[in-house]
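Notes follow the structure.
The values are calculated or read from the model by the stated rules, or taken from the named source; none is laboratory data. Just so you know, these numbers come straight off a predicted model, no measurement behind them. Neighbour counts are summed over all protein chains in view; Cβ atoms, including those assigned to glycine, are modelled from backbone coordinates with ideal geometry. For the accessible areas, the whole protein counts, side chains as well, though only heavy atoms, and no ligand, DNA or RNA atoms are used. Shrake-Rupley method; radii C 1.70, N 1.55, O 1.52, S 1.80 Å.
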Amino acid sequence: MKISPNLLQIHTDEDHETLFIMDEHKRIDVTSSRNSLNGYQKGKCFYCRKDISIESGHENSCDVDHFFPHMLLNYGLKGLNQVWNLVLSCKECNRGGAGKFERIPDISFLDQLYDRNNYFIESHHPLRETIINQTGNSEEDRISFLQSTYDLASSNIPSQMKWKPNEVYGEQL
């Protein structure tokens with residue numbers, strides 16, 4: 001799938017015969033996930049639904065965005081560099097004063113993130129097992145994981161820092 005192994009971060013514990021995931025507090029190049037993430041987003045920004053391109057160098061080339069901002073690693077949130085937390089975003093939604101940057105998306109986008117992750121799980125996409133390992137084995141576990149991550153993020157970033165795009169194009173995902 002040409003995704004950087006750093007995004008998957010699955011390790012083994014031979015003594016306990018388990019797989020586990022570790023996360024480092026460093027920036028990891030996440031652009032390798034563009035093609036796989038686009039399978040769900042189909043050339044649309046996760047937030048505003050504007051047309052985007054996964055090809056570098058195009059006028060509307062997308063960014064790979066951390067749904068929960070990377071800076072939350074400083075507050076003890078884990079796994080933010082992993083696939084479950086990565087979405088494709090247009091540059092306007094991801095960067096600058098009007099962009100999301102280090103803010104948390106409005107709660108309305110949390111359901112959309114759940115739906116996106118669930119899409120990969122139900123479609124038996126190669127990322128299926130990775131996302132299950134990262135977010136939980138059952139639907140209830142995955143909902144709880146996302147909600148508790150949102151709550152923890154919200155407790156560390158002021159509520160006025162919640163973000164929505166200025167405009168949404170076409171239908172929601």
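Suppose the filter is over 20 Å from SER33 (Cβ atoms), modelled with pLDDT under 95 and either open to solvent by 20 Å² or more (accessible area, probe 1.4 Å) or not in a helix (DSSP H, G or I) (or both); does PRO126 pass it? No: the conditions fail for PRO126.
Among the residues of the range 55-66, are any more than 24 Å from GLY136 (Cα to Cα) and either buried (at least 18 other Cβ atoms within 10 Å of the Cβ) or modelled with pLDDT of 95 or more (or both)? Taking every residue of the range 55-66 in turn, at least one turns out to be more than 24 Å from GLY136 (Cα to Cα) and either buried (at least 18 other Cβ atoms within 10 Å of the Cβ) or modelled with pLDDT of 95 or more (or both).
Cβ-Cβ contacts under 7 Å between residues 6 or more apart (or on different chains), taken from a first residue in the range 23-37 that is closer than 15 Å to THR130 by Cβ to a second residue that is open to solvent by 70 Å² or more (accessible area, probe 1.4 Å) and at pLDDT 60 or above, are listed as ASP23/LYS78.
Can you spot a residue in the range 137-158 that is within 13 Å of VAL83 (Cβ to Cβ) and touching a residue at least 40 places away in the same chain (Cβ under 8 Å)? No; the residues of the range 137-158 include none that is within 13 Å of VAL83 (Cβ to Cβ) and touching a residue at least 40 places away in the same chain (Cβ under 8 Å).
If you filter the range 33-54 down to residues that are of a type in the set (A, V, I, L, M) and surrounded by 21 or more Cβ atoms within 10 Å (Cβ to Cβ), you find that the one that is nearest to the chain's Cα centre (by Cα) is LEU37.
Among the residues of the range 97-114, none is identified as among the polar types (S, T, N, Q), exposed (fewer than 13 other Cβ atoms within 10 Å of the Cβ) and touching a strand residue (DSSP E or B) at 6+ places or on another chain (Cβ under 9 Å). Checked against (1) surrounded by fewer than 17 Cβ atoms within 10 Å (Cβ to Cβ); (2) part of a helix (DSSP H, G or I), GLN134 passes all but a single condition, namely (1). List the residue pairs whose Cβ atoms are under 8 Å apart, where the first residue sits in the range 72-85 and is farther than 20 Å from ILE121 by Cβ, the second is open to solvent by less than 10 Å² (accessible area, probe 1.4 Å) and not in a helix (DSSP H, G or I), and the two are 6 or more positions apart or on different chains. From the range 72-85, the pairs are LEU72/LEU80; LEU72/ILE157; LEU73/LEU80; LEU77/PHE68.
If the condition is being part of a helix (DSSP H, G or I) and either open to solvent by 60 Å² or more (accessible area, probe 1.4 Å) or within 21 Å of ASN137 (Cα to Cα) (or both), then the range 73-93 contributes ASN74, TYR75, VAL83, TRP84, ASN85, LYS91, GLU92.
Does the range 94-115 hold any residues that are part of a helix (DSSP H, G or I) and at pLDDT below 95, and which are they? Result: ASN94, SER108.
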